[in-house]
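Take a look at the structure set out below.
The values are calculated or read from the model by the stated rules, or taken from the named source; none is laboratory data. Note that this is a predicted model, so its numbers are computed, not measured. No Cβ is skipped: glycine too gets one built from the backbone with ideal geometry, and neighbour counts run over all protein chains shown.
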Amino acid sequence: MVNAKKAILGAAASAALLISAGSGSALADADNSNLIVEGEKLISEAVAPAGVDVEKIYSGWRFRSPETQSLQMDDFENPAMPTVDIGADIWETVDGAAGKSCASCHNEADESMKGVRAGYPKWDADLGKPHTLETQINECRTERMEAKKWKWESGDMLAMTAYVGLQSRGMPVKVQTDGPMAKWHDLGKDLYYTRVGQLNMSCANCHEDNYGNMIRADHLSQGQINGFPTYRLKWGGLGSSHRRFKGCMENIRAVAYKRGSDEFIALELYLASRGAGLSVETPAVRN
């Protein structure tokens, strides 16, 4: 038992050293680059929303290497775009017993889906909880198309969330946090600041207290989620924000919640509210 306690304390100390090691004078802000995608300048820096304990908020793109940044600035080079093309095909494909496609109800995505990504998670009175984009898509599939649900991280789901998200690219994130969403926002905030795991760390320890510093070879960002689903070079493909949440919890040796859990939905809502005003970047590219 004593040895286990020493191991946990040692791991926590190592984590603190990893965050500070090599940082020298902390990089308090992101770089000064402008995020311009296909000629459109996206908002990658904004005044922090009320209640967020930083002066400015920055897109995670601003913390990446020039090589990674350049991939997102050119749709031809963006490695997520082939998956977006798959999403465009699925949009037009009839599936399920009702004989419908997404286009059957929503017509052209560039019109009907414009602004959708910017407002999710979104309250649904019938559901009695917020819909994420993933749960909304699955409701459409089961209730309107009479088709099977997609798994959270399935190729079809990632292709569709990326395709739908692209239609809002450049639009500012703005989610509801009052009314019935208030308790979900508060839950997400509690999760953000609660220390968990063997390393006894919270989201805030990295993404609020230490953004701009280096942890191993990674430049810590503010943990904004305005680019999800995101193509991570480490993953070799697209992934949802919930996949990233799960990975972060596992990195600090905590028992992670499941993708699609109420906890992760609440955390997604809170993080979206922290990034209010930043442009939707879907699909973003990160390390």
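Working only within the range 194-217, note down all residues that are outside any loop (DSSP other than H, G, I, E, B) and touching a Lys or Arg at 6+ places or on another chain (Cβ under 7 Å).
Going residue by residue through the range 194-217, those that are outside any loop (DSSP other than H, G, I, E, B) are 196, 201, 203-207, 214-215.
M201 - this is the single residue of the range 194-217 that is outside any loop (DSSP other than H, G, I, E, B) and touching a Lys or Arg at 6+ places or on another chain (Cβ under 7 Å).
Could you tell me which residue of the range 244-263 is surrounded by the most Cβ atoms within 10 Å (Cβ to Cβ), considering only residues that are hydrophobic (A, V, I, L, M, F, W, C) and part of a loop (DSSP other than H, G, I, E, B)?
At the first step, the residues of the range 244-263 found to be hydrophobic (A, V, I, L, M, F, W, C) are 245, 248-249, 252, 254-256.
Checking the rest, the ones that are also part of a loop (DSSP other than H, G, I, E, B) come to 252, 254-256.
Values: I252: 21, A254: 18, V255: 8, A256: 19.
By that ranking, first place goes to I252.
Does E111 count as surrounded by fewer than 19 Cβ atoms within 10 Å (Cβ to Cβ), in a helix (DSSP H, G or I), at pLDDT 95 or above and outside the structural domain of Y193 (by TED's automatic domain parsing)?
Criteria met by E111.
Answer with yes or no whether G60 is at pLDDT 95 or above, touching a helix residue (DSSP H, G or I) at 6+ places or on another chain (Cβ under 9 Å) and either over 30 Å from G188 (Cα atoms) or of a type in the set (G, A, S) (or both). It would help to see each step written out before you state the result.
Values: at pLDDT 95 or above: yes; touching a helix residue (DSSP H, G or I) at 6+ places or on another chain (Cβ under 9 Å): no; either over 30 Å from G188 (Cα atoms) or of a type in the set (G, A, S) (or both): yes.
No.
What's the number of the condition D53 fails, among (1) touching a residue at least 40 places away in the same chain (Cβ under 8 Å); (2) within 19 Å of P283 (Cα to Cα); (3) surrounded by fewer than 15 Cβ atoms within 10 Å (Cβ to Cβ)?
(2)
Does the range 171-193 hold any residues that are small (G, A, S) and either in a strand (DSSP E or B) or touching a residue at least 40 places away in the same chain (Cβ under 8 Å) (or both), and which are they? Steps first, answer last, please.
Just the residues of the range 171-193 that are small (G, A, S), to begin with: 179, 182, 188.
Once the filter is applied, which keeps residues that are small (G, A, S) and either in a strand (DSSP E or B) or touching a residue at least 40 places away in the same chain (Cβ under 8 Å) (or both), the range 171-193 yields G179, G188.
If you check W123 against the conditions, is it touching a strand residue (DSSP E or B) at 6+ places or on another chain (Cβ under 6 Å) and among the hydrophobic types (A, V, I, L, M, F, W, C)? Steps first, please.
Numbers: touching a strand residue (DSSP E or B) at 6+ places or on another chain (Cβ under 6 Å): yes; among the hydrophobic types (A, V, I, L, M, F, W, C): yes.
It is true that W123 is touching a strand residue (DSSP E or B) at 6+ places or on another chain (Cβ under 6 Å) and among the hydrophobic types (A, V, I, L, M, F, W, C).
How many of the residues making up the range 127-143 are over 20 Å from F264 (Cα atoms) and either surrounded by fewer than 19 Cβ atoms within 10 Å (Cβ to Cβ) or assigned by TED's automatic domain parsing to the domain that holds Q176 (or both)? It would help to see each step written out before you state the result.
Here is the first cut: in the range 127-143, the residues over 20 Å from F264 (Cα atoms) are 140-143.
From the residues that got through so far, the ones that are either surrounded by fewer than 19 Cβ atoms within 10 Å (Cβ to Cβ) or assigned by TED's automatic domain parsing to the domain that holds Q176 (or both) too are 140, 142-143.
Residues in the range 127-143 being over 20 Å from F264 (Cα atoms) and either surrounded by fewer than 19 Cβ atoms within 10 Å (Cβ to Cβ) or assigned by TED's automatic domain parsing to the domain that holds Q176 (or both): 3 in total.
Just give me the residues in the range 71-108 being within 19 Å of the chain's Cα centre (by Cα) and in a helix (DSSP H, G or I), in sequence order. Reasoning before the result, please.
The first filter runs over the range 71-108 and keeps only residues within 19 Å of the chain's Cα centre (by Cα), leaving 71-73, 78-81, 83-84, 87.
Selection gives L71, Q72, M81, T83, V84, G87.
Would you pick out the residues in the range 114-130 that are part of a loop (DSSP other than H, G, I, E, B) and either farther than 27 Å from S279 by Cβ or not hydrophobic (A, V, I, L, M, F, W, C) (or both)?
Of the range 114-130, the ones part of a loop (DSSP other than H, G, I, E, B) are 114-116, 120-121, 125-128.
The answer is K114, G115, Y120, P121, A125, D126, L127, G128.
Condition first: without any contact (Cβ under 8 Å) to a residue 24 or more places away in the chain and part of a helix (DSSP H, G or I). Can you find one or more residues in the range 224-243 that meet it? Even if it seems obvious, please write down each step before you answer.
Here is the first cut: in the range 224-243, the residues without any contact (Cβ under 8 Å) to a residue 24 or more places away in the chain are 235-236.
Checking which are part of a helix (DSSP H, G or I) leaves us with none.
The answer is no; no qualifying residue exists.
Given A217, A272, which one is small (G, A, S) and at pLDDT 95 or above?
Numbers: A217 fails: at pLDDT 95 or above.
A272 is the lone residue from the list that is small (G, A, S) and at pLDDT 95 or above.
As an exercise: evaluate E67 against (1) within 21 Å of A118 (Cα to Cα); (2) without any contact (Cβ under 8 Å) to a residue 24 or more places away in the chain; (3) acidic (D, E) and give the number of the one condition it does not meet.
It fails just one condition, (1).
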